[in-house]
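J.: Input: one structure, supplied below.
The values are calculated or read from the model by the stated rules, or taken from the named source; none is laboratory data. Because the structure is predicted, anything quoted here is derived from the model rather than measured. Cβ coordinates were reconstructed from backbone atoms using ideal geometry, including for glycine residues, and neighbour counts include every protein chain displayed. The area values use the complete protein model at the heavy-atom level, side chains included, leaving out ligands, DNA and RNA. Shrake-Rupley method; radii C 1.70, N 1.55, O 1.52, S 1.80 Å.
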Amino acid sequence: MSKFKIVFIVLLVVGVAGAAGYFAAVQYQQLRVVMQQRQDQKDAETRAKIEAREQKELAENAERWKVRAEADKKAGTAENPDQVIRGLTADMKMEQTGDGGTRYAYEMPTEDGIYLQPYIIQNGNSVQLYITVSHLGQRPMGFHGIVVQTSKKEAYQIEAAVPVETYDRKEGGIIETFDQPADAYALRAMREVAYGLGGKIFMAGVSGSNDDRGIAAREAMEIKDMVDLYDILSGRKKSIDEGDSSPDQ
């Protein structure tokens, strides 16, 4: 076989293989897009179901509490809501916001680790639950969210919807943090933590971190108290004894 024929065959094989590789790459990319769209749709449907259930709970509870309040009033056993709130906020920091509202929060952590801290801002009839998610460590980890594991089967990934900010700490090390309103998905995760009084927190998308940790009982109780306070201030329930912070209540 002449040298020119060999060169031609080699070029033909390379050309065919190159074209096949190109089309395979295109098909793979298209498949990824389709799979991501399906996953996004599935996530959106899950969140929609959670939010619908939350709205249904609110409507059902409002009617039930109305009946109960009327019965308590007639029986002379009506609960003092102010006393309940004072008990829940005894260890919280209560600060006035610039627009005349009230901020309910717990002290920020100082030890290395991953933290999920809810807080509330109340302004008149408006009550909003927020979360501060933080990584305290010795170096930045490209932190952008957390996974809250509440059981062997249940885990909730909470992503940053705002830019993550990084600061130096006075005691050394850094803090990576983001702060945003708690959506129904994050609220569900916190209800699970409150119900089980525990759980674990991992950095989303980051492996090998020494700062992943279990949620201490004290932290879980603080999350429970904040969720209970949110439920009471927003009209979801009147007492910490009504329900038990179970996510299915």
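J.: Given 100, 124, which one is on the phi > 0 side of the Ramachandran plot and in contact with a strand residue (DSSP E or B) (Cβ under 9 Å, 6 or more places away or on another chain)?
T.: Working: 124 fails: in contact with a strand residue (DSSP E or B) (Cβ under 9 Å, 6 or more places away or on another chain).
Going through 100, 124 in turn, just one is on the phi > 0 side of the Ramachandran plot and in contact with a strand residue (DSSP E or B) (Cβ under 9 Å, 6 or more places away or on another chain): 100.
J.: I've got another one for you. Would you be able to say whether some residue in segment 190-198 is open to solvent by 40 Å² or more (accessible area, probe 1.4 Å), farther than 29 Å from residue 95 by Cβ and modelled with pLDDT under 90?
T.: From segment 190-198, those open to solvent by 40 Å² or more (accessible area, probe 1.4 Å) are 195-197; that's our starting set.
Then drop every residue that is not farther than 29 Å from residue 95 by Cβ, which leaves 196.
Add one more test, that the residue is modelled with pLDDT under 90, and what stays is 196.
Yes, there is a match, as at least one residue in segment 190-198 is open to solvent by 40 Å² or more (accessible area, probe 1.4 Å), farther than 29 Å from residue 95 by Cβ and modelled with pLDDT under 90.
J.: Checking residue 163 against (1) in a loop (DSSP other than H, G, I, E, B); (2) open to solvent by less than 60 Å² (accessible area, probe 1.4 Å); (3) of a type outside the set (A, V, I, L, M); (4) at pLDDT 90 or above, which test does it fail?
T.: Here residue 163 clears every test but (2).
J.: A follow-up question, please. Looking at segment 135-180 only, could you name the residues that are within 10 Å of residue 203 (Cα to Cα) and aromatic (Phe, Trp, Tyr)?
T.: Passing the criteria: only 143.
J.: What tally of residues in segment 199-226 results from selecting those that are at positive phi and open to solvent by 50 Å² or more (accessible area, probe 1.4 Å)? Explain how you work it out, then say what you get.
T.: Restricting attention to segment 199-226, the residues satisfying the condition of being at positive phi are 199, 205, 208.
This time we only want the ones that are open to solvent by 50 Å² or more (accessible area, probe 1.4 Å), so: 205, 208.
So the count comes out to 2.
J.: Name the residue that is most open to solvent (accessible area, probe 1.4 Å), counting only residues in segment 150-160 that are under 15 Å from residue 134 (Cβ atoms) and not in a loop (DSSP other than H, G, I, E, B). Can you show your working first?
T.: Of the residues in segment 150-160, the ones under 15 Å from residue 134 (Cβ atoms) are 158-160.
Filter again for not in a loop (DSSP other than H, G, I, E, B), leaving 158-159.
Values: 158: 8, 159: 77 Å².
Selected residue: 159.
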